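Notes to accompany the following structure.
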Amino acid sequence: MIKDKGYSMELNKADKLVHSRAKILIFAAFAFALWQFAWIGSDIIKGTESSIIHLITGLVILGSMLWVAACYFFYSFSKKVKKANAFEALNDELTHKNKWQAFMAGYFTLFGMIWLLIPATEFWDLDLLLFIRTIAVLAIIVPILFFSYLELKNDQGAE
């Protein structure tokens, strides 16, 4: 056990920053998903006389505003990391391992969905652009959420 209170305080700051980073990433993934999936939804119902278009347009606007807020949270988080001089603590071997695992989760999601889409085109007449956009959004969201899950899981295991 580390008895040096100064060192222990730094670990607590780094742990808090790791937890904060994971929460910001989860928020950003949610904001991005809302924005992009609502936008895809608006493209699906474009040209119809559906009354739901106003709701979907509102969700696109809300998602884009939340995405702007997420960008601000990233900016303020980077200032906290710089102030705490915690860049190296937040970029350790475990973080690299988590990033790699998250990248692989995104990779398998991306190519798994593409390989599911290929035979589906043989049976159904699909709007490929909408499916490709959906796959692209999922390929962005899945690694972010998986990385956040790993960071929070590892953080809980450290306590």
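The values are calculated or read from the model by the stated rules, or taken from the named source; none is laboratory data. None of these values were measured; they are calculated from a predicted model. Every residue, glycine among them, receives a Cβ derived from its backbone with ideal geometry; neighbour counts consider all protein chains shown. Please note that ligands, DNA and RNA were not included when accessible areas were found on the heavy atoms of the full protein model with its side chains. Shrake-Rupley method; radii C 1.70, N 1.55, O 1.52, S 1.80 Å.
Name, by its number, the condition in (1) over 18 Å from the mean Cα position of the chain (by Cα); (2) in contact (Cβ under 8 Å) with a residue 24 or more places away in the chain that does not hold for Ile114.
Every condition holds for Ile114 apart from (2).
Kindly evaluate Trp35 against the criterion of being part of a helix (DSSP H, G or I), over 19 Å from Ile132 (Cβ atoms) and either touching a helix residue (DSSP H, G or I) at 6+ places or on another chain (Cβ under 6 Å) or among the hydrophobic types (A, V, I, L, M, F, W, C) (or both). I'd like the intermediate steps shown before the answer.
Details: part of a helix (DSSP H, G or I): yes; over 19 Å from Ile132 (Cβ atoms): no; either touching a helix residue (DSSP H, G or I) at 6+ places or on another chain (Cβ under 6 Å) or among the hydrophobic types (A, V, I, L, M, F, W, C) (or both): yes.
Criteria not met by Trp35.
Condition first: touching a helix residue (DSSP H, G or I) at 6+ places or on another chain (Cβ under 9 Å), within 25 Å of Val137 (Cβ to Cβ), without any contact (Cβ under 8 Å) to a residue 24 or more places away in the chain and among the aliphatic types (A, V, I, L, M). Can you find one or more residues in the stretch 15-32 that meet it?
Within the stretch 15-32, not a single residue is touching a helix residue (DSSP H, G or I) at 6+ places or on another chain (Cβ under 9 Å), within 25 Å of Val137 (Cβ to Cβ), without any contact (Cβ under 8 Å) to a residue 24 or more places away in the chain and among the aliphatic types (A, V, I, L, M).
Would you check which residues across the stretch 38-59 are part of a helix (DSSP H, G or I) and open to solvent by 70 Å² or more (accessible area, probe 1.4 Å) and list them?
First, the residues of the stretch 38-59 that are part of a helix (DSSP H, G or I): 38-45, 53-59.
Those that are part of a helix (DSSP H, G or I) and open to solvent by 70 Å² or more (accessible area, probe 1.4 Å): Trp39, Ile44, His54, Leu55.
Write out, first by first residue and then by second, each pair whose Cβ atoms fall under 7 Å of each other, whose residues are 6+ apart or on separate chains, and whose first residue, in the stretch 43-65, is closer than 18 Å to Arg133 by Cβ while the second is aromatic (Phe, Trp, Tyr) and surrounded by 12 or more Cβ atoms within 10 Å (Cβ to Cβ).
Val60/Trp35; Val60/Trp39; Gly63/Trp35; Ser64/Trp35
Any residue in the stretch 85-96 that is under 19 Å from the mean Cα position of the chain (by Cα) and either open to solvent by less than 30 Å² (accessible area, probe 1.4 Å) or charged (D, E, K, R) (or both)?
Within the stretch 85-96, the subset under 19 Å from the mean Cα position of the chain (by Cα) is 90-91, 94-96.
Right, trim to either open to solvent by less than 30 Å² (accessible area, probe 1.4 Å) or charged (D, E, K, R) (or both) and you get 90, 95.
Yes: the stretch 85-96 contains one or more residues that are under 19 Å from the mean Cα position of the chain (by Cα) and either open to solvent by less than 30 Å² (accessible area, probe 1.4 Å) or charged (D, E, K, R) (or both).
Out of the residues in the stretch 1-30 meeting the condition of being aromatic (Phe, Trp, Tyr) and modelled with pLDDT of 90 or more, tell me which one is farthest from Lys79 (Cα to Cα).
Checked the stretch 1-30; the qualifying residue farthest from Lys79 (Cα to Cα) is Phe30.
What about Leu150, is it in contact with a helix residue (DSSP H, G or I) (Cβ under 7 Å, 6 or more places away or on another chain) and not charged (D, E, K, R)?
Values: in contact with a helix residue (DSSP H, G or I) (Cβ under 7 Å, 6 or more places away or on another chain): yes; not charged (D, E, K, R): yes.
Here the answer is yes, as Leu150 does meet what is asked.
Could you tell me which of the residues Ile144, Ile140 is within 30 Å of Leu17 (Cβ to Cβ), open to solvent by 70 Å² or more (accessible area, probe 1.4 Å) and modelled with pLDDT of 90 or more? Break it down stepwise before answering.
Values: Ile144 fails: open to solvent by 70 Å² or more (accessible area, probe 1.4 Å).
Checking each option against the conditions leaves just Ile140.
Would you check which residues across the stretch 108-129 are more than 19 Å from Glu151 (Cβ to Cβ), open to solvent by less than 100 Å² (accessible area, probe 1.4 Å) and either touching a His at 6+ places or on another chain (Cβ under 9 Å) or part of a helix (DSSP H, G or I) (or both) and list them? First the steps, then the outcome.
First, pick out the residues of the stretch 108-129 that are more than 19 Å from Glu151 (Cβ to Cβ): 108, 110-129.
Now restrict to residues that are open to solvent by less than 100 Å² (accessible area, probe 1.4 Å): 110-114, 117-121, 126-128.
Within the stretch 108-129, Leu110, Phe111, Gly112, Met113, Ile114, Leu117, Ile118, Pro119, Ala120, Thr121, Leu128 qualify.
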